[in-house]
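Encoded as structure tokens, the structure appears first; notes follow it.
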Amino acid sequence: MARRCELTGKGPMVGNNVSHAKNRTRRRFLPNLQVVSLISDTLGQTFKLRISNAALRSVDHRGGLDSFLAKAKETELSADALKIKKNIEKAQVPA
């Protein structure tokens, strides 16, 4: 399973451990990923997504999953999140 946020695309970063003697060894900074169930208001369904805590705060700030996905760039979203976004857009189109 990839260590990548499904909504923001945030992934591991690389850097150095620096000791007191200034010795540098390579390390990875992993994103804080959580498995969360998010509810779509228009579809009336819950979706389990593996997202970072920063993304969860952004979803809450924007007012829910539907409004977050409406403003999200499609290049950052995972395949599952893209499917959810397309289904929400279909459901919101007036018939």
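We did not get these values from a lab; they are worked out from the coordinates using the rules stated. The structure displayed is predicted, hence computed values, not measured ones. Every residue, glycine among them, receives a Cβ derived from its backbone with ideal geometry; neighbour counts consider all protein chains shown.
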Of the residues in the range 72-89, those that are in contact (Cβ under 8 Å) with a residue 60 or more places away in the chain and either part of a loop (DSSP other than H, G, I, E, B) or in contact with a helix residue (DSSP H, G or I) (Cβ under 8 Å, 6 or more places away or on another chain) (or both) come to Ala72, Thr75, Glu76, Leu77, Ser78, Ala81
Per the filter on the range 1-15, residues surrounded by 10 or more Cβ atoms within 10 Å (Cβ to Cβ) and not acidic (Asp, Glu) are Ala2, Arg3, Arg4, Cys5, Leu7, Thr8, Gly9, Lys10, Gly11, Pro12, Met13, Gly15
Residue pairs within 9 Å by beta carbon, gap of at least six or interchain, first lying in the range 14-33 and under 26 Å from Arg4 (Cα atoms), second of a type in the set (Gly, Ala, Ser) and assigned to a strand (DSSP E or B), listed first then second, are Arg26/Gly15; Arg27/Gly15; Arg28/Gly15; Phe29/Gly15; Pro31/Ser52; Asn32/Ser52; Leu33/Ser52
Of the residues in the range 72-95 that are under 17 Å from Gly9 (Cα atoms) and hydrophobic (A, V, I, L, M, F, W, C), the one that is surrounded by the fewest Cβ atoms within 10 Å (Cβ to Cβ) is Ala79
